[in-house]
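The values are calculated or read from the model by the stated rules, or taken from the named source; none is laboratory data. Note that the coordinates shown come from a computational prediction; the quantities given were computed from them, not determined experimentally. Every residue, glycine as well, gets a Cβ built from its backbone with ideal geometry; the counts of neighbours run over all protein chains shown.
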Amino acid sequence: MRFDPSSRVCLAANDLLDTARNPRIWLLLAWNDVRQRYRRSLLGPFWLTLSTGVMVGALGLVYAAIFKVDVAKYVPYLATGLVMWGFLATLANEGCQSFIAGEGIIKQLRLPLSLHVARVLWRNVIILGHNLIIVLVVLLWFGSYPGLSGLLLFILGLSVVLINATWLCLLLGLVCARFRDVPLIVSNLVQLFFFLTPILWDRSLMPGRQRVIDWNPAFHFVEVVRAPLLGDMPSTTTWLFIGITTVMGWTILFALFVRYRRRIAYWL
């Protein structure tokens, strides 16, 4: 049986592979996005870091008193959770606009469509790098050191998050190119999940309601990065949930990408 290089499956696979093999374009575009966003700004992207740091400090003191927990344990928990949530929430919202924002390029240049998703991912990774300074300062201030094994687990967890963020942004970008109401729905869902996810509060505060948390995908993707930085191990449930989500997500995305990839330019 021979593979037809012009088949929809091969074209979709080549689209993804071409983006992975030629990172120079989307790396440059993402870096230029960050520069343009903070053009003529004194601190640039560090304004976002500063605002997040102020929020961590203010909420940490207030909520530690409300929940009656040790500040030295709560503030690192809050800082890692808020930084990771900001990263995931922004990816979800900007992933909806990945193809819409690249409309001009898509209609004028013959480039892989997945390149626009890689651009969104790398842009937010750059901003995440700035915000991780807050986590580093908080961990050093309170004497919480993850150690070498914790750092390695953190890198592994972040890699897994990025793998899943890729299919999610591709899927959202594809759907939102066709249905322009979806970004508003996603934005509202992101706000809802923020309150349902243990970011400001610990899961131990919901005894008897653990299933609500265990079936919350946002919790597992935050926890797989947060736990190693706090010196803990992500649970087996978290790894199992993420593994199943990764396989299912990429399977669904690729099936839809194969079928509708050529229609994206006409939807824009």
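Of the numbered criteria (1) assigned to a helix (DSSP H, G or I); (2) among the polar types (S, T, N, Q); (3) touching a residue at least 12 places away in the same chain (Cβ under 8 Å), the one SER144 fails is (1). When the stretch 198-247 is filtered for residues that are under 27 Å from LEU61 (Cβ atoms) and among the hydroxyl-bearing types (Ser, Thr, Tyr), only SER204 remains.
Inspection of the stretch 123-132 identifies no residue that is touching a residue at least 12 places away in the same chain (Cβ under 8 Å) and either among the acidic types (Asp, Glu) or in a loop (DSSP other than H, G, I, E, B) (or both). Restricting the first member to the stretch 221-238 and to residues that are in contact (Cβ under 8 Å) with a residue 24 or more places away in the chain and at positive phi, and the second to residues that are part of a loop (DSSP other than H, G, I, E, B) and not basic (Lys, Arg), the beta-carbon pairs closer than 7 Å and six or more apart or on different chains are GLY231/SER144; GLY231/PRO146. Here the helices (runs of 4 or more DSSP H) wholly within the stretch 149-268 that include at least 2 residues being at pLDDT 90 or above are 182-196, 217-229, 236-260, 264-267. Look at the stretch 148-160: where a residue is touching a residue at least 24 places away in the same chain (Cβ under 8 Å) and surrounded by 14 or more Cβ atoms within 10 Å (Cβ to Cβ) and a partner is of a type in the set (Ser, Thr, Tyr) and in a helix (DSSP H, G or I), sitting 6+ places away or on another chain with Cβ atoms under 8 Å, you get VAL160/THR246.
Scanning the stretch 144-167 for residues that are within 16 Å of ALA227 (Cα to Cα) and of a type in the set (Gly, Ala, Ser) yields SER144, GLY147, SER149, GLY150, GLY157, SER159. Within the stretch 189-232, if we keep just the residues that are surrounded by 13 or more Cβ atoms within 10 Å (Cβ to Cβ) and among the aromatic types (Phe, Trp, Tyr), the residue that is nearest to GLY86 (Cα to Cα) turns out to be PHE194.
For the stretch 58-67, state whether one or more residues are of a type in the set (Val, Ile, Thr) and surrounded by 16 or more Cβ atoms within 10 Å (Cβ to Cβ). Scanning the stretch 58-67 turns up no residue that is of a type in the set (Val, Ile, Thr) and surrounded by 16 or more Cβ atoms within 10 Å (Cβ to Cβ).
Count of the stretch 10-26 residues, restricted to those that are surrounded by fewer than 18 Cβ atoms within 10 Å (Cβ to Cβ), hydrophobic (A, V, I, L, M, F, W, C) and within 17 Å of ILE106 (Cα to Cα), is 2.
Here's the yes/no breakdown for (1) surrounded by fewer than 11 Cβ atoms within 10 Å (Cβ to Cβ); (2) within 29 Å of LEU121 (Cβ to Cβ); (3) modelled with pLDDT under 85:
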residue: MET1; (1), (2), (3): yes, no, yes
residue: ASP4; (1), (2), (3): yes, no, yes
residue: GLN36; (1), (2), (3): yes, yes, yes
residue: GLY44; (1), (2), (3): no, yes, yes
